[in-house]
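Input: a single structure, listed below in structure tokens.
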Amino acid sequence: MVGYVCKYTPIEIIQAFDEEVLRIEPEGKAGEDVESLIHPNMCSFMKGALEEILKNNINEVVLVNCCDSIRRLYDVLKGKIEFIHIIDLPRKTDDHACSLFYNEILKFIKAYEDFKGKKIDLDKFIKILNDCKTENQNFKKSIAVLGARFNGSVLEKIKKRCSLNIINLTCTGDNRLSKIEKRDNLIFSFAKALLNSFPCMRMVDDRLRFINKNNIKGIIYNTIKFCDFYSFEYATLKSALNLPILKLETDYSDLNNGQIVTRIDAFLESVGAGRPNVKIKKKGYFAGIDSGSTSTNVVIIDENKNIVSYSIVPTGARAIDSAKRAYKTALEKADLKEKDIKYIVATGYGRISIPFSNKAVTEITCHGRGAFYFDREVRTIIDIGGQDSKVIRLDNSGSVVDFVMNDKCSAGTGRFLDVMSETLGVSISDLGRVVKDFKEDIVITSMCTVFAESEVISLIAQNKEKKDIIRALNRSVASKAVSLIDRVGRRGKYMMTGGVAKNSGVVYEIENKIGEKIIIPFEPQIVGALGAAIIATEIGNPSQRQQQLYNTGIPEN
Ligand code: ADP
């Protein structure tokens, strides 16, 4: 049995030695044995692969030097298993690259012949190639899945939900061997066909050409923790391709399917590839309603706490009307009726004005629960909404242990930014851009929104660069957030929630000031409603009640 991870592995050659091959598919979290062998920052795929190899006593492994992590895997396995070989994969697919790859395959054959003490069976190799299916590499209208390998169950979910063809172009994907040209030297033809499978991340230009030439309508791009390559490629594809791209971050060891599936559905809907009739098993559903000053958000989850739908609507003059509208939208998106909802928890500043909810819980508790759902390592939540800002400290069980709040005036809140965007004549999303190439380090000195607005008007009159003013405004909001953080004490991981988390400029400035990365959930505006829905599952399903999580000393009504 020979283990491998990469699709460029010459599987057919190994089979010609009468050996079985096994694609290593890490599923679980790496155990302590593996953690002690490698640096904690190595990618979770590499750790999972090592775990699988050691746990299943795979004594022969063939790797391809795709990235540093795989080279590290080679180093760790050397001397620990009976046969380990790494093949050097060229970064191009021209004739010269094919010759290099051919030589690499010959080297592998020689090494494996020496190890096995027998020659490759070329007749068998010819038979395997005659029998094997090659890809024509031309696809009908499709959604491509790219980046890091997806957990099999997620891929299945994507296929079920998508009305278009799904092609798996991840690095361990299905599209391997292109058509083998008839040539005298069969191993060379094989090397060429293998190298001409869908180009891997090391072959960026070929990859772009391939995507452009095929009928691909959108890309779902998977990145994983501790792997910069995927994030880098995602950025490259995003700027080079005129295609909708959904970026996901999954981790083989800690996959939050509910959250991912919601994002995938929203993306597929947006590119016209959704399957509206996916049947949801109607067991018990729970809703959270966050009635905020600026937006009213509803999240519906099932009894396993998977997000089934959400809505965000602007809060109008009457909180109750906005809540009804947001609730109706979320029900429609989930294809549910009011009677399917077992329990509703309301939160946010209008929470007591929603008569159809069963209970009201403060947004502090709810943001804590919602943030902890997304990442159990979060200890500090920075929630900046339309009218107030808060910093919430969680302990390692997700309970709120401390919080500070600024709700006296709109300084440092979304409202401050909304007023300034109108004054500057730029949209709120333009105000949210990160400015790194600033000309002048402008400082907005006034705390108060009214005085700060006059300051901005005067800066405009002085012909100051707009981007420098934008940077100054974002820095001003960031300073106030950091002073709140300092009041509860700095402690990571950090997560930002509320609408202002969509302002990358503010996020960037806070990160700069605290010197730490901030996690932004896929939809930061629904975190409070999500927390409320989670609490609804526990109150509405008494068997699941976790009373200790509400003992925060914070008034509930
Ligand atoms: P609340 O909970 O008080 O209703 P939200 O959490 O909905 O407030 O946040 C509203 C604020 O979020 C707005 O005032 C606006 O400044 C900011 N915001 C909303 N959407 C965006 C966006 N796409 N880009 C930048 N900022 C945004």
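Quick check on the stretch 309-362: of everything there that is assigned to a helix (DSSP H, G or I), hydrophobic (A, V, I, L, M, F, W, C) and open to solvent by less than 80 Å² (accessible area, probe 1.4 Å), which residue is farthest from Pro524 (Cα to Cα)? Break it down into steps so the answer makes sense when it comes.
To start, the set of residues in the stretch 309-362 that are assigned to a helix (DSSP H, G or I) comprises 319-334, 338-340, 351-353.
Restricting the remaining residues to those that are hydrophobic (A, V, I, L, M, F, W, C) gives 319-320, 323, 326, 330-331, 334, 352.
From what is left, the residues that are open to solvent by less than 80 Å² (accessible area, probe 1.4 Å) are 319-320, 323, 326, 330-331, 334.
On the way: Ala319: 20, Ile320: 22, Ala323: 18, Ala326: 16, Ala330: 17, Leu331: 20, Ala334: 20 Å.
Checked the stretch 309-362; the qualifying residue farthest from Pro524 (Cα to Cα) is Ile320.
Close contacts from the stretch 426-437, counting a first residue that is part of a loop (DSSP other than H, G, I, E, B) and a second that is within 7 Å of the ligand (Cβ to nearest atom) and open to solvent by 20 Å² or more (accessible area, probe 1.4 Å), with Cβ to Cβ under 9 Å and a gap of 6+ residues or different chains, come to Gly432/Lys502. Might you let me know whether the stretch 261-281 holds any residue that is more than 30 Å from Asn41 (Cβ to Cβ), open to solvent by less than 30 Å² (accessible area, probe 1.4 Å), modelled with pLDDT of 85 or more and not acidic (Asp, Glu)? No, because not a single residue in the stretch 261-281 is more than 30 Å from Asn41 (Cβ to Cβ), open to solvent by less than 30 Å² (accessible area, probe 1.4 Å), modelled with pLDDT of 85 or more and not acidic (Asp, Glu).
Checking each residue in the stretch 460-490 for being among the aliphatic types (A, V, I, L, M), touching a helix residue (DSSP H, G or I) at 6+ places or on another chain (Cβ under 8 Å) and open to solvent by 20 Å² or more (accessible area, probe 1.4 Å) picks out only Ile460. Scanning the stretch 370-392 for residues that are closer than 20 Å to Asp290 by Cα and either in a strand (DSSP E or B) or within 11 Å of the ligand (Cβ to nearest atom) (or both) returns Ile381, Ile382, Asp383, Ile384, Gly385, Gly386, Gln387, Asp388, Ser389, Lys390, Val391, Ile392.
Which of the following residues is within 16 Å of the ligand (Cβ to nearest atom) and of a type outside the set (S, T, N, Q): Gly489, Gly505, Gly515?
Values: Gly489 fails: within 16 Å of the ligand (Cβ to nearest atom); Gly515 fails: within 16 Å of the ligand (Cβ to nearest atom).
Sole residue among the options that is within 16 Å of the ligand (Cβ to nearest atom) and of a type outside the set (S, T, N, Q): Gly505.
For the stretch 336-365, filtered to residues that are within 16 Å of the ligand (Cβ to nearest atom) and without any contact (Cβ under 8 Å) to a residue 60 or more places away in the chain, the residue that is farthest from Lys390 (Cα to Cα) is Gly350.
Any idea how many residues of the stretch 453-501 are assigned to a helix (DSSP H, G or I), over 19 Å from Ser389 (Cα atoms) and not acidic (Asp, Glu)? Full working, then the answer.
Our first condition is that a residue be assigned to a helix (DSSP H, G or I); within the stretch 453-501, this holds for 453-461, 466-488, 499-501.
Narrowing the set further to residues that are over 19 Å from Ser389 (Cα atoms) leaves 453-461, 466-471.
Next cut, not acidic (Asp, Glu) only: 454, 456-461, 466-467, 469-471.
Qualifying residue count, the stretch 453-501: 12.
Total residues in the stretch 393-407 satisfying the condition of being over 12 Å from Tyr494 (Cβ atoms) and more than 16 Å from the ligand (Cβ to nearest atom): the figure is 9. Taken over the stretch 519-543, the criterion of being hydrophobic (A, V, I, L, M, F, W, C), outside any loop (DSSP other than H, G, I, E, B) and open to solvent by 10 Å² or more (accessible area, probe 1.4 Å) is satisfied by Ile519, Ile539.
Only one of Ile442, Ile428 is more than 12 Å from the ligand (Cβ to nearest atom) and of a type in the set (A, V, I, L, M); which? Working first, answer last.
Working: Ile428 fails: more than 12 Å from the ligand (Cβ to nearest atom).
Among Ile442, Ile428, only Ile442 is more than 12 Å from the ligand (Cβ to nearest atom) and of a type in the set (A, V, I, L, M).
Entry remark, the stretch 499-515: residues being surrounded by fewer than 19 Cβ atoms within 10 Å (Cβ to Cβ) and of a type in the set (Gly, Ala, Ser) number 2 in total. Thr497: of a type in the set (Ser, Thr, Tyr), within 15 Å of the ligand (Cβ to nearest atom) and touching a strand residue (DSSP E or B) at 6+ places or on another chain (Cβ under 9 Å), yes or no? Here the answer is yes, as Thr497 does meet what is asked.
The values are calculated or read from the model by the stated rules, or taken from the named source; none is laboratory data. On a predicted model such as this, the values are computed, not experimentally measured, just so you know. Methodologically, a virtual Cβ is constructed for each residue, glycine included, from the backbone with ideal geometry; neighbour enumeration extends over all protein chains shown. For the accessible areas, the whole protein counts, side chains as well, though only heavy atoms, and no ligand, DNA or RNA atoms are used. Shrake-Rupley method; radii C 1.70, N 1.55, O 1.52, S 1.80 Å.
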